[in-house]
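The values are calculated or read from the model by the stated rules, or taken from the named source; none is laboratory data. Everything quoted here is computed from the prediction, not taken from an experiment. Cβ placement follows ideal geometry from the backbone for every residue including glycine, while neighbour counts extend to all protein chains displayed. Side chains included, ligands, DNA and RNA excluded: accessible areas come from the protein's heavy atoms. Shrake-Rupley method; radii C 1.70, N 1.55, O 1.52, S 1.80 Å.
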Amino acid sequence: MTEPDIDDIELEEGGQLYEHFRVVADKGQVPLRVDKFLFDHLQHSSRNRIQKAADAGFVHVNDRPVKSNYKVRPMDVVTLMLDRPRYDDTIEAEDIPLNVVYEDNDLMVINKEAGMVVHPGCGNYHGTLVNAVAWHLRNMTSYDPNDPEVGLVHRIDKDTSGLLVVAKTPDAKTRLGVQFFNKTTHRSYQALVWGNFTEDEGRIEGNIGRDPKDRLRMSVFSPDSEIGKSAVTHYRVLERFGYVTLVECILETGRTHQIRAHMKHIGHPLFGDERYGGTEILRGERSSSYRAFVQNGFRLCPRQALHAKTLGFVHPTTGKQMDFTSELPADMSQLVEKWRGFISGTTRDTFEES
């Protein structure tokens, strides 16, 4: 079920209600306010908005409306009832171009462009990669885009470019999923990040969980804490440009926004990453020419400078090792070239005018 976006509706009492979200509390659930309980289960909704929904009679427990201070107990059935029918989240085939770098009867490897949402949800119900895959495989009668046993094996962010794999059959998805779970796949990213590193390589370990102040951002917590999920990122410096650095990142785990959150955590936000502070001029000179240079860099690559460059896995049917590499897309490639020229003093004026 697609998560309801209660921030985009008017909360008015009265009238027919429709179920948008349902969750059953675990047998070991400790008493917890229902607004906090739903906040922990609805990733894209604010606690304030949930409280308003409860005040309007939209939060129900065991089929009865409750207020925000109701304490959820074991096996309680908590539902969010809204005053409009739930959006039909059936995935429809849409004729959208795809850059398919490999395909056989079991799977597809796609080089996703930046700006394309991977899966419908939270306001992006059309134009996604999943819709495009449904069109691409429309003549494959055994492929049902609405069947969770086929399709995407992993995801990358909307504004991240690069490689991902799609399973055409349930067996392929199961076998590939096991590889991702057991961390036997090989994935590397390239990122342009703010700042210079004192070392050439390193390891970042820290649990990743939702930022309690911004549900669209992830925060890093101590590995010893019980907050979030464990995450490990390895990085290696590829090229230094004084104020920014091109790095390779290898994921040991695959958490939401892992590289973006981990790099922010160690003081090196991704260049152009608005959500994690990367659209501020964090390093460099105070001159107006330098500020103009960086601002033009933001315009040249208007997203986080992150690309899923390599992907490796064992083919689910043949058992053969499959390895794929994609070049940096034009926006990131040009951005790196501009910084390369800037540090050498050869293209400073050109970038200011571009």
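What is the Cα convex hull volume of the range 159-254 when expressed per residue in Å³?
Dividing the Cα hull volume of the range 159-254 by its residues yields 150 Å³.
How big is D, in µm² s⁻¹, for the range 248-354 by Stokes-Einstein at 25 °C and 0.890 mPa s if Rh is the Kirkwood radius over C-alpha pairs?
Diffusion coefficient, whole number: 155 µm²/s.
Among Q334, Q258, Q29, which one shows the highest mean-square fluctuation when the chain is modelled as a Gaussian network with alpha-carbon springs under 10 Å?
Between Q334, Q258, Q29, it is Q29 that shows the largest mean-square fluctuation.
Keeping all protein chains in position, work out how much accessible area S142 exposes to a 1.4 Å probe, and write it in Å² to the nearest 10.
90 Å²
Work through the residues other than L328 whose Cβ is under 15 Å from its Cβ and net out their charges, Lys, Arg +1 and Asp, Glu -1.
Details: positive: K112, R303, K309, K338, R340; negative: E113, D159, E239, E248, E327, D331, E337.
Neighbourhood net charge equals -2.
Within the set of other residues whose C-beta is less than 10 Å from the C-beta of H315, count the net charge using Lys and Arg as +1 and Asp and Glu as -1.
Taking every Cβ under 10 Å from that of H315, the sum is 0.
Pulled fully out, how much extra length does the chain show between L216 and N196, if you take 0.36 nm times their separation in residues and subtract their Cα-Cα distance? Working shown, then result.
Details: separation 20, 0.36 × 20 = 7.20 nm, distance 2.75 nm.
4.4 nm is the gain from fully extending L216 to N196.
For the range 242-322, what does the relative contact order come out to in percent, with C-alpha contacts under 8 Å and a separation of six or more?
Relative CO of the range 242-322 lands at 22 percent.
For the range 20-179, what is the largest minus smallest coordinate of the Cα atoms on each principal axis, given in angstrom and ordered from greatest to least?
53, 29, 29 Å, listed from the longest principal axis down.
Quick check: with the 1.4 Å probe, what order do H186, H41 take by accessible area, largest first?
Numbers: H186 105, H41 80 Å².
The most accessible residue leads, giving H186, H41.
Suppose accessible area is computed on protein heavy atoms with a 1.4 Å probe; arrange F298, F221, F293 from highest to lowest.
Final ranking, largest accessible area leading: F221, F298, F293.
Label point 7 Å out from S287 along Cα-to-Cβ: which residues of the range 228-251 have amide N under 15 Å?
243
How far, in nm, would the chain grow between K158 and N62 when pulled straight, counting 0.36 nm per residue and subtracting the alpha carbon separation?
So the extension gain works out to 30.9 nm.
Across the Cα atoms of the chain, what radius of gyration and what greatest pairwise Cα-Cα distance (Dmax) are found, in Å?
Looking at the chain, its Cα Rg and Dmax stand at 22.7, 69 Å.
May I ask you to give the percent of accessible area on the chain that is carbon plus sulfur, with a probe radius of 1.4 Å? Intermediate values should be presented prior to the final figure.
On the way: 8120 of 17640 Å².
Of the solvent-accessible surface of the chain, carbon and sulfur hold 46 percent.
For the chain, what is the accessible area per residue in Å² when the probe is 1.4 Å?
50 Å²
Give me the accessible area of S288, 1.4 Å probe, in Å² rounded to the nearest 10.
80 Å²
Quick one: among D200, D224, D83, which has the greatest mean-square fluctuation in a GNM of the chain with alpha-carbon springs under 10 angstrom?
Between D200, D224, D83, it is D224 that shows the largest mean-square fluctuation.
Explain nothing, just the number: relative contact order of the range 76-227, from Cα pairs under 8 Å at least 6 residues apart, as a whole percent.
After rounding, I find 18 percent.
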